[in-house]
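Following: one structure in structure tokens, then a few remarks.
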Amino acid sequence: MAKKETKNLEFFTDWKYAPSPEATDHIQLKKQYDLFINGKFVKPTSGKYYDTINPATEEKIASIADANEKDVDIAVKAAKNAYDKVWSKMPAKERAKYIFRIARLIQERARELSVIETLNGGKAIRESRDVDIPLAANHFFYYAGWADKLEYAFPNRNPKSLGVAGQIIPWNFPLLMAAWKIAPALATGNTVVLKPAETTPLTCLKLAEIIQESGLPDGVVNIVTGFGPTGAAIVNHPLVNKIAFTGSTNVGKWIQKSIAGTDKKLTLELGGKAANIIFEDAPINQAVEGIINGIFFNQGHVCCAGSRLFVQESVADEVIKKLKDRLETLIVGDPLDKNTDIGAINSKMQLNKINEYLKIGVNDGADMYQSSCSIPKKGFFVRPTLFLNTSQSHRISQEEIFGPVLAIQTFRTVEEVIEKANNIPYGLSAGVWTDKGSRIFNMTSKLRAGVVWANTYNKFDPTSPFGGYKESGFGREGGLHGLMPYLKF
Amino acid sequence: MQTLRLNIMERIEVLKTYKIFIGGQFPRTESGRYYPLKLKNNMTVNVSLSSRKDFRNSVTAARSAFSGWSARAAFNRGQILYRIAEMLEGRKEQFLEELKQLGYTAVNAKKEIEQSIDRLVYYAGWCDKYQQMHSAVNPVATSHFNFSVPEPMGVVAIMADESTALLGLISVVAPCIAGGNTCIVLASENKPTCAITFAEVLATSDVPGGVVNILTGNRKELHSHFSSHMDVNAIINCNSEKDFNKTIGENASLNVKRVYTWNKNWSDEKEQGPYFITDLQEIKTTWHPIENIGISGIKY
């Protein structure tokens, strides 16, 4: 049978999207944000502030307090006091009602939060509006319901809260990561000191306002902004009973080492280098969409991004051709535009890191292919990029780039692809595309990763546990399993 | 003279006709019958005395609502149950007054309404959680992926607790619909007004029409119809009526209905939990083959 010709797509026509910017006039932002400690916004003891910017324009949005060790100490003591005097004594069903209130307030203010998330982090408004913010609200809603049902989740174990949880979150999903951390901690009866990432503090500070509005007792949630040393002060504070960290594997290792020998409980959600595996019997068009979503969702700033593509040899030409065509249709630019697929890279530092990896990829001998799209002159942008003819030993196939860069390899047998997919220190997630159900379940049982998506990718739900194997960290967030890291038995 | 003039000037209260609730609509009973209920303020309410036909219409409504309701995301059902709680909280004063007219003391009325709201919030939380506790991946010895999950039974006929106006009814309806079932509830015969006002709450809480249908009437007349209908999957009587329950049990065998007698003290917080949900669930087990290639790949 003759092989079916795939038609070439033509991009030289005049078809353009009209600009469709999301309105920003309805949001409320202050010029300066203080630390949220014990239910109030307080100035940092050092009086130091830093600028937070819009990565799409490089313009300053607001001044943010830089918390030092002393501020963290005040916050931890406030959390400890709230734990001892109020939160640990409150009936669980009343605790639940506060968390439900927070969920509702996020829902009510969803559009404002979406716009701020996009302004401060650079992600496409479509994603902050349809993914980040609704999921954050849902996460609070889901865990609110658990507060008075813990004895059902862990029968015969009489689960007890830990005390003060110190939580440090990354810049890729600012509000969503805050929800992943705060919701289960509160539901299980702990109090919180949370540090948002230095580049994306704004939605967390809006969350602080929401928490104030909800009437949550003072000190139950404290939000301290700052840089690495602020996080280190939380990790090392003797009154902190639990550390939950999402971020890079290097920092995760440092935290694990720092708390060695203490009684602090630890959850780490670290880096990843997911294999997205396309078998020859896969629905190819859907798989191509899945590959695109897997690596270009949120500019590739996703720990579970499908950054390694494995295509079975027999369909490699077709998949790569379609992938190149699809790459060409991606709209890169103003994150506030509702048509934008790929927004701004979160920071100058991250942009430099990605560009460095592009050089490394080329120097290692891989073939780089980029979209021909133009990118804005101002702000931090990078073209979506494919690397062809990569091998398992290339650094771009081994290291987490955390950007819109896909390393493509081919394979022949199931055995080979399992071997290649697993031969990496990470184990956060993986994707499998095939029409054959029995193969899916073979792959899900053989892949050493905490989440495996079959014929889909980058799906998240508050009921579904998320977390890694190996150097991608330990502990799970989401679902019934997400309660465990915040309880003792 | 003076008193008479005042009475003439007084605003006359508009009284409500209490109806029944079928398929999201508020009809009176098709039979045209009623029974009088005297309230504490000496007013009389003419309560609908629902007929077999009203019940049969309700089952039709419940059955047609079932496919949509059971297919809702569990999360969405949780949101809707929470919305019912929000609406009920907003109408607290109205219920307090109605409960008092039914003979509740102020203290008991407050307790009844507050527990009712809290119970709805409690079951709102269960909507997307009971599955996680009552499902299993079964480690069968062959190379199969084998899992069991709960699924809603279908249409449930409920004869609510006679002794409470609201809490008993909500304590059974909430776990029933939390699990994706639809239901027909017969309200307390002597305290029926709050149940109908609760129907007004349901009608404004994004609960699709037909998911909950509420009738008022006489258990003695209706229990045999409730239990003999061939399109009802489960029946719950919340009252310990030995002779009724014998008839119910016998009739239920006509189409193998699941039968429960939940004669509980609903004001006890122990009388809530996931088992009220799972009693109204079936368990479905799915087998799927797993190919077995690539053992060496898991050495990492």
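Is it fair to say A:Ala260 is open to solvent by less than 50 Å² (accessible area, probe 1.4 Å) and either basic (Lys, Arg) or not in a strand (DSSP E or B) (or both)? Show your work before the answer.
Working: open to solvent by less than 50 Å² (accessible area, probe 1.4 Å): no; either basic (Lys, Arg) or not in a strand (DSSP E or B) (or both): yes.
In short, no.
In this structure, is B:Lys242 over 23 Å from B:Ser64 (Cβ atoms), away from chain A (no Cβ under 14 Å) and either touching a Cys at 6+ places or on another chain (Cβ under 8 Å) or of a type outside the set (A, V, I, L, M) (or both)?
So B:Lys242 passes the test.
What number goes with the only condition from (1) surrounded by fewer than 19 Cβ atoms within 10 Å (Cβ to Cβ); (2) under 29 Å from B:Leu120 (Cα atoms); (3) aromatic (Phe, Trp, Tyr) that B:Phe21 does not pass?
Answer for B:Phe21: the failing condition is (1).
Which of the helices (runs of 4 or more DSSP H) found entirely inside the range A:108-159 contain at least 2 residues meeting this: within 11 Å of chain B (Cβ to nearest Cβ)? Please lay out each step first, then the result.
Values: elements: A:110-121, A:133-146, A:150-153.
Qualifying helices (runs of 4 or more DSSP H): A:133-146, A:150-153.
Can you name every residue in the range B:210-266 that is assigned to a loop (DSSP other than H, G, I, E, B), free of Cβ contacts under 8 Å to residues at least 60 places away in the same chain and of a type in the set (A, V, I, L, M)?
B:Met230, B:Leu254, B:Val256
May I ask you to list the residues in the range B:53-83 that are open to solvent by 30 Å² or more (accessible area, probe 1.4 Å), within 26 Å of B:Thr17 (Cα to Cα) and charged (D, E, K, R)?
Answer for the range B:53-83, where residues must be open to solvent by 30 Å² or more (accessible area, probe 1.4 Å), within 26 Å of B:Thr17 (Cα to Cα) and charged (D, E, K, R): B:Lys53, B:Arg56, B:Arg83.
Just to be sure before I move on: is B:Ser31 more than 14 Å from chain A (Cβ to nearest Cβ), free of Cβ contacts under 8 Å to residues at least 40 places away in the same chain, assigned to a helix (DSSP H, G or I) and open to solvent by 30 Å² or more (accessible area, probe 1.4 Å) in the structure I sent?
no
Among the residues of the range B:115-156, which ones are aliphatic (A, V, I, L, M), more than 9 Å from chain A (Cβ to nearest Cβ) and in contact with a Lys or Arg (Cβ under 8 Å, 6 or more places away or on another chain)? Explain how you work it out, then say what you get.
As a first pass, look at the range B:115-156 and keep what is aliphatic (A, V, I, L, M): B:117, B:120-121, B:124, B:133, B:136-137, B:140-141, B:149, B:153, B:155-156.
Subset that is more than 9 Å from chain A (Cβ to nearest Cβ): B:117, B:120, B:136-137, B:140-141, B:149, B:153, B:155-156.
Matches in the range B:115-156: B:Ile117, B:Val149, B:Met153, B:Val155.
Any chance the range A:409-423 includes a residue that's β-branched (Val, Ile, Thr) and surrounded by 23 or more Cβ atoms within 10 Å (Cβ to Cβ)?
Within the range A:409-423 (the criterion being β-branched (Val, Ile, Thr) and surrounded by 23 or more Cβ atoms within 10 Å (Cβ to Cβ)), the answer is yes, since at least one residue qualifies.
Can you tell me which residues in the range A:138-168 are open to solvent by 10 Å² or more (accessible area, probe 1.4 Å) and either free of Cβ contacts under 8 Å to residues at least 60 places away in the same chain or over 23 Å from A:Pro91 (Cα atoms) (or both)?
Answer for the range A:138-168, where residues must be open to solvent by 10 Å² or more (accessible area, probe 1.4 Å) and either free of Cβ contacts under 8 Å to residues at least 60 places away in the same chain or over 23 Å from A:Pro91 (Cα atoms) (or both): A:Asp148, A:Glu151, A:Tyr152, A:Pro155, A:Asn156, A:Ile168.
If we keep just the residues of the range B:254-295 that are within 14 Å of another protein chain (Cβ to nearest Cβ) and of a type in the set (Gly, Ala, Ser), which is surrounded by the most Cβ atoms within 10 Å (Cβ to Cβ)?
Ranking the candidates gives B:Gly294 first.
Would you point out the residue of the range A:217-245, among those that are part of a loop (DSSP other than H, G, I, E, B) and among the aliphatic types (A, V, I, L, M), that is farthest from A:Glu198 (Cα to Cα)?
Step by step, filter the range A:217-245, then rank; the result is A:Leu239.
Look through the range B:196-246, keep the residues that are modelled with pLDDT of 95 or more and acidic (Asp, Glu), and return whichever of them is least open to solvent (accessible area, probe 1.4 Å).
Out of the qualifying residues, it is B:Glu200.
A:Trp453 passes all but one of (1) of a type outside the set (Lys, Arg); (2) away from chain B (no Cβ under 13 Å); (3) in a loop (DSSP other than H, G, I, E, B); (4) surrounded by 21 or more Cβ atoms within 10 Å (Cβ to Cβ); which number fails?
Condition not satisfied by A:Trp453: (3).
Against the conditions (1) touching a residue at least 60 places away in the same chain (Cβ under 8 Å); (2) open to solvent by 20 Å² or more (accessible area, probe 1.4 Å), where does A:Leu428 fall short? Just the number, please.
(2)
I'm checking my understanding of the structure. Among residues of the range A:395-420 that are more than 14 Å from chain B (Cβ to nearest Cβ) and charged (D, E, K, R), which one is farthest from A:Lys123 (Cα to Cα)?
This residue is A:Arg395.
What number of residues in the range B:36-52 are surrounded by 15 or more Cβ atoms within 10 Å (Cβ to Cβ) and either in a strand (DSSP E or B) or in contact with a Ser or Thr (Cβ under 7 Å, 6 or more places away or on another chain) (or both)?
Within the range B:36-52, residues that are surrounded by 15 or more Cβ atoms within 10 Å (Cβ to Cβ) and either in a strand (DSSP E or B) or in contact with a Ser or Thr (Cβ under 7 Å, 6 or more places away or on another chain) (or both) number 7.
If B:Lys110 meets every condition in (1) outside any strand (DSSP E or B); (2) crowded, with 17+ Cβ neighbours inside 10 Å apart from one, which number is that one?
Among (1) outside any strand (DSSP E or B); (2) crowded, with 17+ Cβ neighbours inside 10 Å, B:Lys110 violates only (2).
Tell me, which residue of the range A:336-389 that is surrounded by 14 or more Cβ atoms within 10 Å (Cβ to Cβ) and among the β-branched types (Val, Ile, Thr) is modelled with the lowest pLDDT?
Per the criteria, the residue is A:Ile375.
If B:Gly103 satisfies all but one of (1) in a loop (DSSP other than H, G, I, E, B); (2) of a type outside the set (A, V, I, L, M, F, W, C); (3) without any contact (Cβ under 8 Å) to a residue 40 or more places away in the chain, what's the number of the condition it fails?
Looking at each condition in turn, B:Gly103 falls short on (3).
Just checking, which of B:Glu221, B:Glu162 is among the acidic types (Asp, Glu) and more than 22 Å from B:Gln115 (Cα to Cα)?
B:Glu221
Check the range A:396-408 and report whether any residue there is under 30 Å from A:Lys60 (Cα atoms), of a type in the set (A, V, I, L, M, F, W, C) and either free of Cβ contacts under 8 Å to residues at least 12 places away in the same chain or open to solvent by less than 10 Å² (accessible area, probe 1.4 Å) (or both).
There is at least one residue in the range A:396-408 that is under 30 Å from A:Lys60 (Cα atoms), of a type in the set (A, V, I, L, M, F, W, C) and either free of Cβ contacts under 8 Å to residues at least 12 places away in the same chain or open to solvent by less than 10 Å² (accessible area, probe 1.4 Å) (or both).
So for the range A:406-414 (the condition being under 26 Å from A:Asn285 (Cβ atoms) and either in a helix (DSSP H, G or I) or at pLDDT below 95 (or both)), does at least one residue qualify?
The answer is yes, given that some residue of the range A:406-414 is under 26 Å from A:Asn285 (Cβ atoms) and either in a helix (DSSP H, G or I) or at pLDDT below 95 (or both).
The values are calculated or read from the model by the stated rules, or taken from the named source; none is laboratory data. What you see is a predicted model, and the numbers here were worked out from it, not measured in a lab. Neighbour counts run over all protein chains shown; Cβ positions are idealised from the backbone, glycine included. The protein model used for the area step is the full one, side chains on, heavy atoms only, and it has no ligands, DNA or RNA in it. Shrake-Rupley method; radii C 1.70, N 1.55, O 1.52, S 1.80 Å.
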